[in-house]
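Engineer: Right, I'll just put the structure down here and ask away after.
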Amino acid sequence: MKADVFNRLLKQLKGSEQAFRQIYEYYLPRIKYHVASKYGSRVDFEDVAHDLFTKLIRMESPPEVQSPTAWIYRICDNIVLDKLRRTRGEVELNESISAAPVTGSLTEAEVDSNADFFKILSHLDNESAQLVRLVVWDGYNLKEAAQILKIGYGAARQRYSRALKKLKDYL
């Protein structure tokens, strides 16, 4: 979802069921995939999604968000970490791309497209695939992705460029 559309819907969220439904239907399958791939079965994604959407609805003055997917994922991560702290559970963050994307309310064409995306990523080495997934699928910018992967920005930029070239040659 583009930032301008997301920000418009976020501002209308309190009074518009349609705005809520658009954000909900777009992000619910992504939240499910994100939580499942990062935290496994230790966390119920439905609880995380419920808490996230409750927070969004209760926002008095929503911020202007430049990267909506990354922003949503950060909120989800904070919710998960809060839940785990309350239960004194520990979780090892898994940044791998081993989980398949979740279909949720996606259309059949989107499901095929998502499956194709992950199939194409399998042609890259694991580190490059993780970087491309973080930027393209999860919505992080290259600097944020480099921090997540604990590599320098220059290395991330070079790895990302090489990965895109390899994918372009493959396609």
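The values are calculated or read from the model by the stated rules, or taken from the named source; none is laboratory data. Nothing here was measured: the structure is a model prediction, and the numbers come from that model. Ideal geometry is used to build each Cβ from the backbone, glycine not excepted, and the neighbour counts take in all protein chains shown.
Engineer: Of everything in segment 36-50, what is under 14 Å from L81 (Cβ atoms), at pLDDT 80 or above and surrounded by fewer than 20 Cβ atoms within 10 Å (Cβ to Cβ)? Give them in sequence order.
Structural biologist: Result: D47, single match.
Engineer: For segment 122-164, give me the residue count where each residue is more than 22 Å from K2 (Cα to Cα), of a type in the set (D, E) and assigned to a helix (DSSP H, G or I).
Structural biologist: Residues that pass the stated criteria total 1.
Engineer: Please go through segment 1-33 and give me each residue that is touching a Ser or Thr at 6+ places or on another chain (Cβ under 7 Å) and not in a helix (DSSP H, G or I), ordered by number.
Structural biologist: Passing the criteria: none in range.
Engineer: Quick check on my filter: what residues within segment 136-148 are more than 15 Å from the chain's Cα centre (by Cα) and surrounded by fewer than 19 Cβ atoms within 10 Å (Cβ to Cβ)?
Structural biologist: K143, Q147
Each row is one residue, and each column tells you yes or no for (1) at pLDDT 85 or above; (2) closer than 23 Å to L84 by Cα.
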residue: L10; (1), (2): yes, no
residue: L13; (1), (2): no, no
residue: F20; (1), (2): yes, no
residue: H34; (1), (2): no, yes
residue: L52; (1), (2): yes, yes
residue: L56; (1), (2): yes, yes
residue: T69; (1), (2): yes, yes
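Engineer: Which ones in segment 59-79 are surrounded by 15 or more Cβ atoms within 10 Å (Cβ to Cβ), out of contact with any Gly (no Cβ under 9 Å at 6 or more places or on another chain) and either free of Cβ contacts under 8 Å to residues at least 40 places away in the same chain or in a helix (DSSP H, G or I) (or both)?
Structural biologist: Answer for segment 59-79, where residues must be surrounded by 15 or more Cβ atoms within 10 Å (Cβ to Cβ), out of contact with any Gly (no Cβ under 9 Å at 6 or more places or on another chain) and either free of Cβ contacts under 8 Å to residues at least 40 places away in the same chain or in a helix (DSSP H, G or I) (or both): I75, C76, D77, I79.
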